[in-house]
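J.: Provided herewith is a single structure, encoded as structure tokens, for subsequent inquiry.
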Amino acid sequence: FTPLQHAIARHQLPVPLLDDLLSAFIQDIEKTASAAGYADRAELLDYCRRSANPVGRLLLHLYGITDAQALQRSDAICTALQYYNFWQDLSVDIARQRYYLPFSLCQTLGVDPRQPHTASRSQQTALLQALLAHTDHLMQLGSSLPKRLAQHPRKGSRLSALELQLVIQGGRRIGQKTRQLGASVTIRRPV
């Protein structure tokens, strides 16, 4: 923790964001240990707000970008990246009793969130389409952030903007690969 203390002091990092990361880490351990899942998108979004979004906000903080619009775009990107990861890893996570499928959506579609592979192919496809459509929408909401970052006067911001654009493209590619795999994603991870 000593190096972390120095980084916090040197860069004036917002400690509540680091607290959020720890909170999400603890929640993930507890939910996995109890084989609990997420009731709905709101509960899953709250987890992402603490597990993924702080990373983007910390990076923006290093550039001195703190306006609400940039933070919202960053949150959309980070949540989308977390969601893409969840959807590509369904077969792996479910085998480990990690349940990220929103139970309410699964219930609406007649899918068991703990055993989605047992649903019909059309039910699995409908679930995957709903998940990816929402995730794609979030990524689109954040997609103009690299341009905003490239216009920032701080040294290295253009390179960081390019890196962020590549991260966005990578997330979208994971979404495409997951979509191509279709219902099989519940038993096999996309490559």
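J.: Output the residues belonging to the range 133-147 that are surrounded by fewer than 19 Cβ atoms within 10 Å (Cβ to Cβ) and part of a helix (DSSP H, G or I). So that I can check it myself, show each step before the final result.
T.: Kept after step one, since they are surrounded by fewer than 19 Cβ atoms within 10 Å (Cβ to Cβ), are these residues of the range 133-147: 133-134, 136-137, 140-141, 143-144, 147.
A133, H134, D136, H137, Q140, L141, K147 - these are the residues of the range 133-147 that are surrounded by fewer than 19 Cβ atoms within 10 Å (Cβ to Cβ) and part of a helix (DSSP H, G or I).
J.: From (1) surrounded by fewer than 21 Cβ atoms within 10 Å (Cβ to Cβ); (2) within 21 Å of Y63 (Cβ to Cβ); (3) of a type in the set (G, A, S); (4) in contact (Cβ under 8 Å) with a residue 24 or more places away in the chain, pick out the condition that doesn't hold for G156.
T.: Looking at each condition in turn, G156 falls short on (4).
J.: Right, here's the next one. Could you count how many residues in the range 131-170 are in contact with a Lys or Arg (Cβ under 7 Å, 6 or more places away or on another chain) and under 16 Å from A52 (Cβ atoms)?
T.: 4
J.: Right, next: Does P146 meet the test of being at pLDDT 95 or above and either more than 25 Å from T125 (Cβ to Cβ) or of a type in the set (S, T, N, Q) (or both)?
T.: On the way: at pLDDT 95 or above: yes; either more than 25 Å from T125 (Cβ to Cβ) or of a type in the set (S, T, N, Q) (or both): yes.
Yes; evaluated as a whole, the condition is true for this residue.
J.: Separate question: Which condition from (1) open to solvent by less than 40 Å² (accessible area, probe 1.4 Å); (2) closer than 22 Å to I174 by Cα is the one that R41 breaks?
T.: (1)
J.: Further question on the same structure: Filter the range 58-117 down to residues that are acidic (D, E) and in a helix (DSSP H, G or I) and give me whichever is most open to solvent (accessible area, probe 1.4 Å).
T.: Of the range 58-117, the ones acidic (D, E) are 67, 75, 89, 93, 112.
Going one step further and asking which of them are in a helix (DSSP H, G or I), we end up with 75, 93.
On the way: D75: 30, D93: 15 Å².
Ranking the qualifying residues of the range 58-117, first place goes to D75.
The values are calculated or read from the model by the stated rules, or taken from the named source; none is laboratory data. Since the structure is predicted, the reported quantities are computational estimates derived from the model, not experimental observations. Note: ideal-geometry Cβ built from the backbone for every residue, glycine included; neighbour counts use all protein chains shown. Please note that ligands, DNA and RNA were not included when accessible areas were found on the heavy atoms of the full protein model with its side chains. Shrake-Rupley method; radii C 1.70, N 1.55, O 1.52, S 1.80 Å.
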